[in-house]
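The values are calculated or read from the model by the stated rules, or taken from the named source; none is laboratory data. All of these numbers come straight from a predicted model, not from anything done at the bench. Virtual Cβ from ideal backbone geometry, glycine too; neighbours counted across all protein chains shown.
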Amino acid sequence: TCGLLLYVFMLNVDLDEIKRRLSKEVEIRQQAERYLVEARNQLTDSQREIEQLKAQLSYKETDYQAAISAKPALPVVVSFRASILGKGLVAVFENTSDRYLTVVLSVRSPTLSTSRRFKIELNPKSSTDFGHLEGWQFASGDELGLFNDEFGALRLTAP
């Protein structure tokens, strides 16, 4: 009978250990499920916010495109000539309007991976040369844009 009592006691100890382990596993699983629910809720909130931002962005983009298309064309004709004093090309900006124009010239060289911005004053009905003496030696393939708040942007590539 002593052996039987010892056997029952050991079974009871093993059973208590199994109950503790099972209880701990249940607790861990419940905690994992809570984290999963919380993560799903955060994901849903984030997706909803992304959709709202996308809608706002597409609205802003259409507004921007409408505003840009409503602006008149910049009254400037751009041509290029070979530099007399150095290498490269010189841009010639011809203001065809009857007013003074201040434009921002943005230039980028894809070849050299460089870019710069310049402010240029253009007199009415006149041409202005812009080359290495003014700060940029143009080369074939250089991308440039002329910007003025009252007019649409003029973008082109040097020949």
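A compact table of results
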{"quantity": "Yes/no for SER46 being surrounded by 10 or more Cβ atoms within 10 Å (Cβ to Cβ), polar (S, T, N, Q) and under 30 Å from ASP142 (Cβ atoms)", "calculated": "no"}
{"quantity": "Residue satisfying condition, being of a type in the set (Val, Ile, Thr), under 28 Å from the mean Cα position of the chain (by Cα) and modelled with pLDDT under 95, within set ILE50, ILE84", "calculated": "ILE50"}
{"quantity": "Residue that is among the aliphatic types (A, V, I, L, M) and not assigned by TED's automatic domain parsing to the domain that holds ASP149, where the choices are ALA55, ALA91, ALA82", "calculated": "ALA55"}
{"quantity": "Any strands (runs of 3 or more DSSP E) falling wholly within the stretch 62-159 and containing at least 1 residues that are without any contact (Cβ under 8 Å) to a residue 12 or more places away in the chain and not charged (D, E, K, R)", "calculated": "76-82, 114-122"}
{"quantity": "Subset tally (residues that are at positive phi and either of a type in the set (A, V, I, L, M) or modelled with pLDDT of 95 or more (or both)) for the stretch 87-124", "calculated": "0"}
